[in-house]
1. Any residue at all in segment A:161-181 that is away from chain B (no Cβ under 13 Å), out of contact with any Phe, Trp or Tyr (no Cβ under 6 Å at 6 or more places or on another chain) and of a type in the set (A, V, I, L, M)?
2. Could you please let me know if A:Q116 is modelled with pLDDT of 95 or more and either open to solvent by 40 Å² or more (accessible area, probe 1.4 Å) or under 30 Å from A:A84 (Cβ atoms) (or both)?
3. Say we look at segment A:62-91 and pick out the residues that are in contact (Cβ under 8 Å) with a residue 24 or more places away in the chain, outside any strand (DSSP E or B) and open to solvent by less than 40 Å² (accessible area, probe 1.4 Å); which of these is nearest to A:N305 (Cα to Cα)?
4. I'd like to know if segment A:227-235 contains one or more residues that are on the phi > 0 side of the Ramachandran plot and either small (G, A, S) or more than 45 Å from the chain's Cα centre (by Cα) (or both).
5. Is it true that A:A296 is touching a helix residue (DSSP H, G or I) at 6+ places or on another chain (Cβ under 9 Å), open to solvent by less than 30 Å² (accessible area, probe 1.4 Å) and not polar (S, T, N, Q)?
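The values are calculated or read from the model by the stated rules, or taken from the named source; none is laboratory data. Just so it is clear, the model here is predicted, and its values are computed rather than measured. Methodologically, a virtual Cβ is constructed for each residue, glycine included, from the backbone with ideal geometry; neighbour enumeration extends over all protein chains shown. When the accessible area is computed, the model is the full protein with side chains, heavy atoms only, and any ligands, DNA or RNA have been set aside. Shrake-Rupley method; radii C 1.70, N 1.55, O 1.52, S 1.80 Å.
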Amino acid sequence: MKKIILICIGILAGASLYAQNPDSITIDDYYVDFSVPDITAFSILDINSNDVVRPGNVKELAVGIQNYVDQDGNLKPGLAMEIAPYRILAKALKVRSFWEKNKSLKNLQISIGTAQGDSSNLLAAWGINWTPIDRTDPVANIALQNFFADYLANKDSIANQMSLAGQRNKHLQSVNQFLNSLTPTSRLSSQTKVAILQYFGGGYRSRLLRYDSTDNQLYALVMKDTVLQKLGTFNINLDSAQSNALSMLIVQNAKLTFTEQAEEEEFAENFSEELKRQKKIFIEENWNRLVIQLKAGSKYNSAENTIKDLSLLNWRIFGGIAGRIPGLANSNSTLAKSSQVIYQASYINYKDKSMPLKWEFSTGGRLLLGKADKRLSAEFLYSQATINGETTDKSEYIRYTIGGEMKINEGLWLELAVGGQKFLQGNDDTRVVPQFGLKYAIQKKSRF
Amino acid sequence: MELIRFSKTDKPVSIDIQVEEAPVWSYIYVGDLTFKSKSSAGGNSNHILGLPVNLDDDINSWDIRLGNISTSTLTATVTITWTQDDKVLNIWTRQIDVPAEAAVKISDDALLEATN
C-alpha cells in the first residue's frame with residue numbers, strides 16, 4: 001500500500017508542472033476535510049476539555065449543575081459537563097430493562113457548558129453526540145466479548161486439573177476438620193471458626209499482604225504466629241500434635257498461595273496480550289463496517305447572565321454514515337474488505353447578524369481503498385451558503401480531492417492530498433485548478 | 001469469610017450471583033456441588049446448593065473473574081445472595097475496578113451453618 005501511495009504522489013508531482021499560479025492558491029483551499037466534526041458544548045465554546053466533569057449519578061449531576069445555575073435561573077461561566085444518560089440512570093432498576101432493549105442509546109452523550117463572553121455577557125452551549133450503530137468498535141462486539149468470557153472460564157475448567165477455587169475449598173475443609181478436632185465434645189462456635197478460617201481463605205493477594213509476599217518460609221512463620229495469636233484470644237492452646245498439624249496446614253496454604261500467585265500473574269499477562277492481538281485482528285477485518293453518527297449543538301448568548309435572557313447565536317447538525325460499498329456487506333472479496341464509502345451532511349444556521357453567512361450546508365462523500373490504518377481516498381464535497389445582509393447572493397461550490405492518509409497512532413493521521421474547486425455561484429473566479437501543493441498534515445482527526 | 005446461617009427445614013438453600021457493569025465475566029462456585037457460569041452462556045446465575053441437612057458445616061468457595069476489553073478502567077459490582085424459602089440469608093457484594101484491557105479475579109469463602 002505504501003508503494004501505491006508513493007507512486008500516486010509521483011504522478012501528481014508531474015502534473016504540478018502544469019499548475020496555474022501555484023503561489024497564490026494553496027492545497028489548503030481545496031483539501032476536503034472529511035473528519036467527523038467535534039460538536040460538543042466545549043468545542044463550540046472553546047473550553048478546555050480536560051476540565052470537563054462527567055457525573056456518574058443523578059446526585060453528582062444535580063450538584064454539578066447547581067454550582068453554575070441557581071434556582072432563580074442565574075447563570076455563571078465555567079460549567080463544563082458531559083452527561084452519559086446510560087451511566088447515570090442504568091443502575092436504577094426501573095430503567096435497566098429500557099437500556100437493555102435500547103442498547104444503541106448507551107453511547108448517547110450530552111454536553112453543556114457556559115463561558116464568559118467578550119464583555120459582561122455569558123455564552124452557553126449544548127451538544128448531543130450519538131452513534132447508534134458502530135460495527136467497527138471491538139468493545140461493543142458480542143462475539144469478541146464472548147470469546148473472552150470463554151477465555152476467562154477456561155482457566156477454571158482445565159481438564160484433569162482441579163480449579164484454584166476447588167483447591168482452596170479442599171484446603172479450607174481440611175482446616176475446618178482440624179478446628180472441629182480441637183474440641184471433640186462440642187463444636188467450636190461458628191463465629192470462632194470463621195475468625196480462624198479467614199486467615200486461610202479469601203483472595204491470595206490479601207494473604208500475601210498479610211503474611212509475606214516474597215518468601216514461602218517467611219510466609220509460613222508469620223501466618224503461624226498470627227493464627228496461634230488468634231487461637232489464644234479464644235483460649236485455645238495446642239498440644240504438640242495439634243501444633244504440628246497446624247504447621248502442615250500452613251505449609252499447604254503457603255504452597256497454594258504462591259502457586260496461585262504465579263498462575264494468576266501469568267494468566268493476567270496472557271489475557272492482556274491475547275486481547276490486544278484479537279482487537280488488532282478485529283479492527284483489520286472490520287475497519288470498514290457500518291457506522292452511523294449523529295451530532296447536534298447550539299450556542300447562545302445572555303447579556304444579563306440568566307436563562308430567560310438566552311438568545312440563540314447558531315445551531316448545527318451533522319450526520320454521517322460509513323460502511324462497505326452497497327451490496328458487498330457480506331462479501332469476502334478483496335474489494336469488499338479493502339473499501340469503504342462515507343456519506344456525510346452538515347448544516348449550520350447563524351442567527352448572529354454579525355456573521356458573514358446566514359446558513360451553510362455541505363454534503364459529500366468519500367471512497368476509501370486500503371486498510372484500517374492506511375488508504376487512498378477520493379472525495380467530493382458540495383457546499384452552499386447564503387450571505388448575510390440585504391443580498392440574495394449565495395456561495396455554492398464543489399470540491400474534489402484525491403489523496404491518501406496513514407494512521408500514526410490513535411486519532412493522529414498523516415494526510416497527503418491534491419484537489420480542486422469549482423464555484424457554481426459566488427464572487428470568486430469559476431475555475432478548475434488542480435494544484436499540487438502537496439498538502440501534508442499530521443493532525444488529530446476523528447474519522448469513520 | 002462469610003457465615004451463612006439457615007434453618008434446619010426441608011427447604012433448600014439457593015444462591016444468586018449477579019455481575020454488573022462488566023460485560024465479560026465468569027465464575028466458579030465450589031461446595032458440595034460446583035457451579036460455573038459465564039457471560040457468553042446467557043449468564044444463568046441461580047443455583048440450588050442443597051438441603052440444610054447436607055450443607056451444615058460446609059465450606060463454600062468462589063472465584064469470580066472479570067474482563068475489561070475497553071481502553072478505560074471500568075468499575076464492576078459483584079453480588080452473591082443466599083436465600084432459603086424466599087428469605088434472604090446473606091448478601092455478599094464487592095465493587096472492583098478492572099483496569100483497561102485486563103482481567104481481575106475476586107475470591108472469597110463461606111462457612112455454612114444450619115440453625116434451629
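1. No, that holds for no residue.
2. Numbers: modelled with pLDDT of 95 or more: no; either open to solvent by 40 Å² or more (accessible area, probe 1.4 Å) or under 30 Å from A:A84 (Cβ atoms) (or both): yes.
For A:Q116, the condition - modelled with pLDDT of 95 or more and either open to solvent by 40 Å² or more (accessible area, probe 1.4 Å) or under 30 Å from A:A84 (Cβ atoms) (or both) - is not met.
3. Ranking the candidates gives A:G73 first.
4. Yes, that holds for at least one residue.
5. On the way: touching a helix residue (DSSP H, G or I) at 6+ places or on another chain (Cβ under 9 Å): no; open to solvent by less than 30 Å² (accessible area, probe 1.4 Å): yes; not polar (S, T, N, Q): yes.
No, not satisfied.
Matching residues to (1) touching a Ser or Thr at 6+ places or on another chain (Cβ under 8 Å); (2) within 30 Å of A:L310 (Cα to Cα); (3) not assigned by TED's automatic domain parsing to the domain that holds A:L310:
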position: A:T257; (1), (2), (3): no, no, yes
position: A:A262; (1), (2), (3): no, no, yes
position: A:E265; (1), (2), (3): no, no, yes
position: A:F282; (1), (2), (3): no, no, yes
position: A:I292; (1), (2), (3): yes, no, no
position: A:K295; (1), (2), (3): no, yes, no
position: A:K299; (1), (2), (3): no, yes, no
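Rundown of residues vs (1) hydrophobic (A, V, I, L, M, F, W, C); (2) at pLDDT below 95, yes/no style:
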| site | (1), (2) |
| --- | --- |
| B:Q84 | no, no |
| B:V88 | yes, no |
| B:K105 | no, no |
| B:L111 | yes, no |
| B:N116 | no, yes |
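To keep it simple, each residue is scored yes or no on (1) within 14 Å of another protein chain (Cβ to nearest Cβ); (2) closer than 30 Å to A:P138 by Cβ; (3) out of contact with any strand residue (DSSP E or B) (no Cβ under 7 Å at 6 or more places or on another chain).
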position: A:S272; (1), (2), (3): yes, yes, no
position: A:K276; (1), (2), (3): yes, yes, yes
position: A:E284; (1), (2), (3): no, yes, yes
position: A:L290; (1), (2), (3): no, yes, no
position: A:Y300; (1), (2), (3): no, no, no
position: A:I307; (1), (2), (3): no, no, no
position: A:L312; (1), (2), (3): no, no, no
position: A:G320; (1), (2), (3): no, yes, no
